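J.: Let me begin by handing over the structure; questions about it come next.
Bear in mind these aren't lab numbers, they're just calculated from the coordinates by the rules spelled out. Everything numeric here is computed off the predicted structure, so don't read it as measured data. Cβ: placed from backbone, ideal geometry, glycine included. Neighbour counts: every protein chain shown.
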């Protein structure tokens, strides 16, 4: 009867374990710099991008009428979504995105 919980515990440990070297540990200073400096700066840049997009949106709507019709999409991506992803969607310690646009730690 005692074997069933032990077998279940062993199966749980084996199936949920991950390699120890999958992510390097971040130093305290890296985490502190990210939380104290980079995240607030990203939030400020996101707010600035929203303001710039709002101010330039009438001109972008006019520019969007000419082919290839992507001026508005490009402006949203550059001014709003890039700082938003940097601030809210990246893991702590990841400062550069890969070629696919996804942030990875080192």
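J.: Here are 96, 105: which of them is out of contact with any helix residue (DSSP H, G or I) (no Cβ under 7 Å at 6 or more places or on another chain), loosely packed, with under 13 Cβ neighbours inside 10 Å and at negative phi?
T.: Unique residue meeting the criteria: 96.
Every residue, every condition in (1) part of a helix (DSSP H, G or I); (2) in contact with a helix residue (DSSP H, G or I) (Cβ under 6 Å, 6 or more places away or on another chain), yes or no:
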residue: 33; (1), (2): yes, no
residue: 46; (1), (2): yes, yes
residue: 67; (1), (2): no, no
residue: 78; (1), (2): yes, no
residue: 92; (1), (2): no, yes
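J.: What are the pairs, 6+ residues apart or on separate chains, where a residue within region 57-75 that is within 24 Å of residue 46 (Cα to Cα) has its Cβ under 6 Å from a residue that is not in a helix (DSSP H, G or I)?
T.: Hits for this filter: 71/64; 72/64.
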